[in-house]
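Working notes, structure below.
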Amino acid sequence: MTNASSEIGAHVMLRIGVFTCHLDTIIMTWIVMALLVAAAVIASRRMKDVPGGFQNMVEYGVEALWGLVADNVPPRARRCFPVIATLFLFILASNLIGVVPGMKSPTADINVTLALATVVVGLTIYAGASVKGVWGYLIGFVKPNPLFLPLNLIELCTRAITLALRLFGNIFAGDVLVIILGKLVAYAVPTVGQAFHVFIGVLQAYLFVMLSIAYVTVAAEE
Amino acid sequence: MIQIDMTFFASILNFLLLTALLTFFLYRPIRKFMADRQDRIKRSLEEAAQSRTDTANMKEEYEARLAQASREAQDIIEKAVVQGERSQAEILEAARKEAKTILEQARAEARRERQAAFEALRDDIVGLVISAATAVAGKNTDSADDEAMVRRLIEEGWLSSVGEREV
């Protein structure tokens, strides 16, 4: 294990043979997962017919996400909903946890955002293939003529890359901004930076999910 | 420094695991709970609507029954009035007949009694006349012929005037 955290954007590396991974990112991801699962267990325990504050918020959130998915991907809403809802919750929690001093956003790591974008591409392919059939979906890559095959494949990859880089760039920049402001000014200004980071975090989570839904919708169109 | 390594695959696995956990702990229970609650509310609303319809139907039925009962009561009253009037007429007629019968019987009785009294009076008169005649003639006239004669006289003369006066 090597520590390169003195450099901004550097990670604690874990080496297993020839493979390496970012231990800090993995740990932060697990923390975010643990928080989300704990919140889920608390939210779904002892639910009442007349919801209170927290239950009300959770119900509203789940219902809003379901409405978003059901409105845009009606044929495969039941299958796509868990992935899209988890994308939103995970990205939101990952973005916001970076505001807490000593914590680092998992989404400030390109590996994580690229993994999430890959999941979105997988979901897009699943939605397209399940609605049009595998052959029907693959045929779509050579339309309007076979010359467009490379362009269509590049477009698919580009979508994943743009999703990943947009999220990574914004959150990483936010984290860097908070660190730099904290080092430059001791009072007030870092708080403003953190508030801006919260705003960016929410906005990016929403943007990522909306773009994902749009890609899945386009792929699932008859 | 941007570096793609095993974190990428670990993140995919973590995400899929998180999706499974949240599906199990959050989405499924919450959506099931909300669907059940919606069903319960829908059922309650349907039951309330059904109750309202039933109540309206029962009200209509009761009102119809009440109107029917009112009509039947009116019919019964009218029939009773007609029956009462008929009974009254019959009773009056029977009473009139009975009174007439009683009156006729009373008249017949009176006539019989008067006849009996008259006969008794006549016997007394016959006796008195014979007694008077005996006293005047100084001899006993107490024979059957005398009595028959007196009786005939009375019947033909004195009695007829008395009878006309009395009847």
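Values quoted throughout were computed directly from the atomic coordinates according to the rules given, and no laboratory measurement underlies them. Because the structure is a prediction, the values reported are computed rather than measured. Because the Cβ atoms are built from the backbone with ideal geometry, glycine has one as well, and the counts that use them run over all protein chains shown.
The set of residues in region A:6-26 that are part of a strand (DSSP E or B), facing chain B (nearest Cβ under 9 Å) and among the β-branched types (Val, Ile, Thr) comprises A:ILE16, A:THR20. Taken over region A:161-180, residues that are surrounded by 19 or more Cβ atoms within 10 Å (Cβ to Cβ) and closer than 15 Å to A:VAL100 by Cα amount to 5. Right, B:ALA48: away from chain A (no Cβ under 14 Å), surrounded by 10 or more Cβ atoms within 10 Å (Cβ to Cβ), of a type outside the set (Phe, Trp, Tyr) and closer than 30 Å to A:VAL62 by Cβ or not? When the stated conditions are applied, B:ALA48 passes them.
Table: residues versus (1) facing chain A (nearest Cβ under 9 Å); (2) loosely packed, with under 10 Cβ neighbours inside 10 Å; (3) not polar (S, T, N, Q).
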| residue | (1), (2), (3) |
| --- | --- |
| B:ILE4 | yes, no, yes |
| B:SER11 | yes, no, no |
| B:LEU21 | yes, no, yes |
| B:PRO29 | yes, no, yes |
| B:SER44 | no, no, no |
| B:TYR62 | no, no, yes |
| B:ALA67 | no, no, yes |
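The condition (being assigned to a helix (DSSP H, G or I) and closer than 30 Å to B:ILE154 by Cα) is satisfied by just one residue among B:GLU113, B:GLU63: B:GLU113. Being over 21 Å from B:TYR27 (Cβ atoms) and facing chain B (nearest Cβ under 10 Å) is the filter here, so list the residues in region A:67-106 that pass it. Matches in region A:67-106: A:PRO106 only.
Check whether at least one residue in region A:148-166 is assigned to a helix (DSSP H, G or I), on the phi < 0 side of the Ramachandran plot and in contact (Cβ under 8 Å) with a residue 60 or more places away in the chain, and report yes or no. The answer is no; no qualifying residue exists.
Within region A:27-63, the residues that satisfy the criterion of being part of a helix (DSSP H, G or I), more than 9 Å from every other protein chain (Cβ to nearest Cβ) and β-branched (Val, Ile, Thr) are A:ILE27, A:ILE31, A:ILE42.
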